[in-house]
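What follows is a single structure, written as structure tokens, with notes after it.
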Amino acid sequence: MDGRPTNSNRWRRFEEWDRRPLRHDLFAAENPEAGFSVFHSPYDPDPAYSVGAGRITAMDGKLEADFDIIDEFIARHHLDPSVVDEAMALDSGAIARMLVDINVPRHELERLARGMTPAKLADVVGKLTALEISFAYAKMRQRKTPANQAHVTNAKDDPLQLAADSATAVALGFAEIETTMRVASNAWANALACTVGASVGEGGALFQCSIEEAEELQIGLAGLATYAETVSVYGTERAFIDGDDTPWSKAFLTAAYASRGIKARCTSGAASELLMGFHESKSLLYLEARCLCLQRAMGVQGTQNGGIDGAPLTASMAGGLRELMAENLIAVWLGLECASGNDTRVSESEIRVGAKITPYLLAGSDLICSGFGSIKKYDNSFNPSLFNGEEIEDYLVLQRDFEVDGGLTPVDEDHVLSLRMRATEALSAVLDELDLAHVGLERITSVVFASGSQETDSFTPGEVTPISEAIKARGLTALDVVRALAVRGYRAEAENLLFMLKQRISGDYLQTSAMIRDGRVVSAINDPNDYAGPATGYHMDAARWREVQGIRDVLTRDGVLASQDMAARAAPWLLPKGDAVTGSDPHEVVIGLSPAFGERMHRTLAGHRLEDVVSALVAGIEEGGGKARLVRIRHTADTSFLGLSAAGLSGSGFGIGIQAKGTTVLHQAGRMPHMNLELFSNAPLASLDHYRALGRNAARHTWGEAPEPVMVPVQGEALGARFHVRVALLYAIETEMTDPAAAPVELALAPDREKTHA
């Protein structure tokens, strides 16, 4: 009947926990035979090798005659016979300590990695704690300056929304933009839309259209993409062959991308083999170590790893998040650019989500997310990322909290709206100029202000398909887009896009860990990570730190004062009557007001006018059979001492102390300062009825009663986070107005206020 659970034999906390988002997550038990082992499996080989005539003749428990295609490729193109004797002879624990030793340079560790087998690499990083992995990653990552990558997609494959969201992503500081589509035949339209949107504003973001590899290469050859990372590799032979691929075919494909000025990364990550059913009972880390050695052997400049699609499965296992960090460490240790995962939402728990991103924020990464969902979760065609459009501001605040550069910059609302309008209008002009579609203002407007595709009245997937097919069939290229932008008056956008095409010719952004910042290529070549302990490595300069701090809701003293009621300040309502003296009425209750009360401050944290609070207290005292007297206490602003001072002046020995922000205490003369009778410490939650009840209780105390204390209910709100900045700023104003030598002052209500009270 009272709404409590019917099962009285169960601790109700468990029922509350059952309603938490975490309960949607599922967790896996360790089972090596079924592929559920993270760092170590009894089926993993021990690190081993042999060399004969300058050739690797055995590796990790297999003789050359038994090598599969992955072993063969790693043995021939990753392992350096001139280093392998030295590297494999070192104790794994000693190497692990070298990774976290600031006195061992990164280049020396990279040299040694070229002589380590996959089992050896996995054995070394398996000896590091999560904290040590994070520290080693900070030391070993390739480029000094961190960056981030955005997913820009939507549920309708709407090109107008793609253009607007791409421009927004560039404004937020994403160095790369990746799109995919709900309908495969819409790939070309999606690529064109994002290409145009990314050219609005500062431009310079690299762009990828993620689709089947041959189609993606064609889009790249047309100039509508500048990088690719969908070249998937796997740690078991059957997983490789299942996709009709081999290490040699993948190597050829990445070379084809690079030969046309398209930056290429491979994609791998823990649990991919488990998801495909070809895990060979090996641990996740060992299989991923094979993938990463393979990628280095291919000569590709970077990798997208850290679980990727398999990250939620890896996270379900004990130690899974530590494994994802460990495989990222192997990637950078091998000299690869690392787009370090975080592109898949591994949990429904926001606590787990925030915890997962923290090591990458602290350590930095070439690309902290290989796909931060800059759009809303439901619009993310890759499936929700670890962070999505809903959580961008949370991420921005995390950067500020830890004073780290997570690759993003707070944006001004008006500026974003102008960019979104510019992007949609530019794309509309291109579509019209190329005779692909004719877009009305209504469609543009519906996209500019929309948070996601559920709010738009623009293109449907079916309407996009003919546009996409026409782009492909007519052989349109990025040069056609440049001409269309220029002809229609979008000169800046045309120049931004042409600049990116020129980069294709120079090929500078094919360097390891390359991105474009302020019109120049920044990479591991000209911006190498030089972390070697405190005061080294990447540090934000003053300008960048100011940008990171530029979040919303930053309070200042002037802003807090401006929020006070101007009208109340203009009309004084508390009039001084002279020095206050001790009363004699046994039912008197003195209300001790703080120095700024009604002077420089006029509203409580709950928003109540101070006049109304005083009226409520006085009315309550009178209802309880007491007599109220107002006194300003000037020597202190501390709540306890306000109340104690008021009680000392009261004829009854009972007094109420109240700060202008609303914190209130009921005190009695002779008590210790903090041993009060009642306290409203949660001023933001106190209502006028609470103040009235407190006044009534104060009066009942003068009659010798012991009334039930008034409780201001709290439901677990993070009141410190919500109000303490304002509290500190307001209390500073109070303390500035104190005078330790000042006597209390009797107060009277202004005549017009007395009539109002009456």
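The values are calculated or read from the model by the stated rules, or taken from the named source; none is laboratory data. As the structure is a computational prediction, the values presented were derived from the model and not from experiment. Reconstructed Cβ throughout: ideal geometry from the backbone, glycine too, with neighbour counts over all protein chains shown.
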Review point. Could you say whether any residue in region 688-699 is assigned to a loop (DSSP other than H, G, I, E, B) and not charged (D, E, K, R)?
Key: no
Check your understanding: Got a number for residues in region 445-458 being surrounded by fewer than 21 Cβ atoms within 10 Å (Cβ to Cβ) and either free of Cβ contacts under 8 Å to residues at least 24 places away in the same chain or over 19 Å from ALA150 (Cβ atoms) (or both)?
Key -> 6
Practice item. Give me a count of the residues in region 494-534 that are part of a strand (DSSP E or B) and either free of Cβ contacts under 8 Å to residues at least 60 places away in the same chain or polar (S, T, N, Q) (or both). Key: 2
Review point. Out of all the residues in region 453-480, which are assigned to a helix (DSSP H, G or I), closer than 29 Å to LYS377 by Cα and of a type in the set (D, E, K, R)?
Key: GLU455, GLU463, GLU469
Check your understanding: Of everything in region 53-64 that's in contact with a strand residue (DSSP E or B) (Cβ under 9 Å, 6 or more places away or on another chain) and farther than 21 Å from HIS279 by Cα, which residue is surrounded by the most Cβ atoms within 10 Å (Cβ to Cβ)?
Key -> ILE56
Check your understanding: Mind checking whether some residue in region 734-749 is more than 22 Å from HIS608 (Cβ to Cβ), modelled with pLDDT of 95 or more, among the β-branched types (Val, Ile, Thr) and in a strand (DSSP E or B)?
Key -> yes
Exercise for review: Write out, first by first residue and then by second, each pair whose Cβ atoms fall under 8 Å of each other, whose residues are 6+ apart or on separate chains, and whose first residue, in region 214-231, is assigned by TED's automatic domain parsing to the domain that holds GLU176 and closer than 19 Å to GLN503 by Cα while the second is crowded, with 24+ Cβ neighbours inside 10 Å and basic (Lys, Arg).
Suggested key: THR226/LYS263; TYR227/LYS263; TYR227/ARG265; ALA228/LYS263; ALA228/ARG265; GLU229/ARG265
Practice item. Test ALA542 against the criterion of being surrounded by fewer than 13 Cβ atoms within 10 Å (Cβ to Cβ), within 23 Å of ARG143 (Cβ to Cβ) and either touching a Lys or Arg at 6+ places or on another chain (Cβ under 8 Å) or assigned by TED's automatic domain parsing to the domain that holds ALA198 (or both), and give yes or no. Key: yes
Practice item. Determine if region 649-656 includes at least one residue that is under 44 Å from the mean Cα position of the chain (by Cα) and surrounded by fewer than 23 Cβ atoms within 10 Å (Cβ to Cβ). Key: no
Practice item. Taking only region 700-723 into account, find how many residues are assigned to a loop (DSSP other than H, G, I, E, B), among the hydrophobic types (A, V, I, L, M, F, W, C) and either under 23 Å from SER650 (Cβ atoms) or without any contact (Cβ under 8 Å) to a residue 24 or more places away in the chain (or both). Key: 5
Check your understanding: Here are some residues: LEU630, LEU679, LEU605. Which one is surrounded by fewer than 24 Cβ atoms within 10 Å (Cβ to Cβ), part of a loop (DSSP other than H, G, I, E, B) and out of contact with any Cys (no Cβ under 8 Å at 6 or more places or on another chain)?
Key -> LEU605
Check your understanding: Which one of these does TYR234 not meet: (1) among the hydroxyl-bearing types (Ser, Thr, Tyr); (2) touching a Leu at 6+ places or on another chain (Cβ under 6 Å); (3) not in a helix (DSSP H, G or I)?
Key -> (2)
**Study point:** Selection status of ALA28, out of contact with any helix residue (DSSP H, G or I) (no Cβ under 6 Å at 6 or more places or on another chain), at pLDDT 95 or above and under 23 Å from GLY354 (Cα atoms)
**Key:** yes
Check your understanding: Counting only residues that are outside any loop (DSSP other than H, G, I, E, B) and among the aromatic types (Phe, Trp, Tyr), which one in region 8-29 is nearest to THR117 (Cα to Cα)?
Key -> TRP17
Revision key, fill the gap. Pairs returned, first residue in region 409-424 that is in contact (Cβ under 8 Å) with a residue 60 or more places away in the chain and closer than 9 Å to ALA167 by Cα, second residue that is surrounded by fewer than 17 Cβ atoms within 10 Å (Cβ to Cβ) and of a type in the set (A, V, I, L, M), beta-carbon separation under 6 angstrom, 6 or more apart or interchain, are none
Review point. For region 608-627, how many residues are over 19 Å from LEU649 (Cβ atoms), touching a His at 6+ places or on another chain (Cβ under 6 Å) and crowded, with 20+ Cβ neighbours inside 10 Å?
Key: 1
Revision key, fill the gap. Inside region 133-174, the number of residues satisfying the requirement of being closer than 21 Å to TYR538 by Cβ, β-branched (Val, Ile, Thr) and assigned to a helix (DSSP H, G or I) is 1
**Study point:** Output for region 30-78, where each listed residue is within 28 Å of THR314 (Cα to Cα) and in a strand (DSSP E or B)
**Key:** ASN31, PHE36, MET59, LYS62
Review point. Quick check: is even one residue across region 91-109 small (Gly, Ala, Ser), more than 20 Å from VAL38 (Cβ to Cβ), in the same structural domain as GLU390 (by TED's automatic domain parsing) and surrounded by fewer than 20 Cβ atoms within 10 Å (Cβ to Cβ)?
Key: no
Check your understanding: Quick one: how many residues across region 421-452 are part of a helix (DSSP H, G or I) and not hydrophobic (A, V, I, L, M, F, W, C)?
Key -> 10
Point to revise | Among the candidates LEU172, LEU224, residue that is buried (at least 24 other Cβ atoms within 10 Å of the Cβ) and either under 23 Å from the mean Cα position of the chain (by Cα) or of a type outside the set (Gly, Ala, Ser) (or both) | key: LEU224
